[in-house]
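In what follows, a structure is listed as structure tokens, so that the remarks can point back to it.
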Amino acid sequence: MKTRDMVFTAVFAAVLCALAPLALPVGPVPISLATFVIYLSAAILNWKFGTLSVIVYVALGLVGLPVFSGFEGGIHKLVGPTGGFIVGYIVMALVIGLIVTQNPRKRWFNPAAMAVGTIMLYVCGLAWFMYSTGSTLGASLMACVIPFLPGDVVKIILASVISPRLRKIIERHAG
């Protein structure tokens, strides 16, 4: 791992730690900026370092640092009803990074990759939410997916516009 890769992995992990706790409680799953930062890190860094930045974030939260939504941390968040979304962040970053890495110059890859990654996040989160709460699929969709779709579309659009530009800047100045 090059110093440059370590630095950018750490920077994206730090940004995720700083922004993810800022959340609006709208039900069992809060609205957070975590997905936006993960869209950026996975699309800008390669799949390996984008995913690693999210793993670092999750690990810091699991040891108790208040980096999860609502400035909470600890293993109880992982085993709680929203724990599947926390694990899903890792899956989301991996999927987005793998897809974008296939052809980072084609701009339509970014929103497509982010949409597929978000679906994977929802699958992980919904599965654990349903298991841990005993909720039906319909109730879980209404609590954990439907309210978030408009915001996720906006985040995907913004991240799809921002990430290629940031990637070019990083490649030009840190290459």
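The values are calculated or read from the model by the stated rules, or taken from the named source; none is laboratory data. Not measured: the values here are computed from a predicted model. Neighbour counts are summed over all protein chains in view; Cβ atoms, including those assigned to glycine, are modelled from backbone coordinates with ideal geometry. Side chains are part of the model used for accessible areas, which takes the heavy atoms of the whole protein and leaves out ligands, DNA and RNA. Shrake-Rupley method; radii C 1.70, N 1.55, O 1.52, S 1.80 Å.
Observations on the structure shown:
- Relative contact order of the range 66-175: 26 percent, from C-alpha pairs under 8 Å at least 6 residues apart in sequence.
- C-alpha center-to-center spacing [the range 38-89, the range 124-159] in angstrom: 17
- Å² per residue, accessible surface of the chain at 1.4 Å: 49
- Interatomic Cα distance distribution for the chain, bins of 5 angstrom, percent: 1, 9, 18, 22, 21, 15, 8, 4, 1, 0, 0
- Degrees, to the nearest 10: 3-19 long Cα axis against longest axis of the chain: 30
- Rounded to the nearest 0.05, the FRET efficiency derived from the C-beta distance between Phe71 and Ile119 at R0 = 25 Å is 0.35.
- Over the chain, DSSP H runs of length four or greater, each weighted -39,500 (n - 2.57), average out per residue to a 222 nm ellipticity of -24500 deg cm²/dmol.
- On the chain, 75 percent of the accessible area sits on carbon and sulfur atoms, based on a 1.4 Å probe.
- D (Stokes-Einstein, µm²/s), Kirkwood Cα radius, the range 109-175, 1.306 mPa s at 10 °C: 116
- The long axis of helix 47-62 is offset from the longest Cα principal axis of the chain by roughly 40 degrees.
- Angle between the chain longest axis and helix 83-102 axis [Cα atoms, degrees, rounded to 10]: 30
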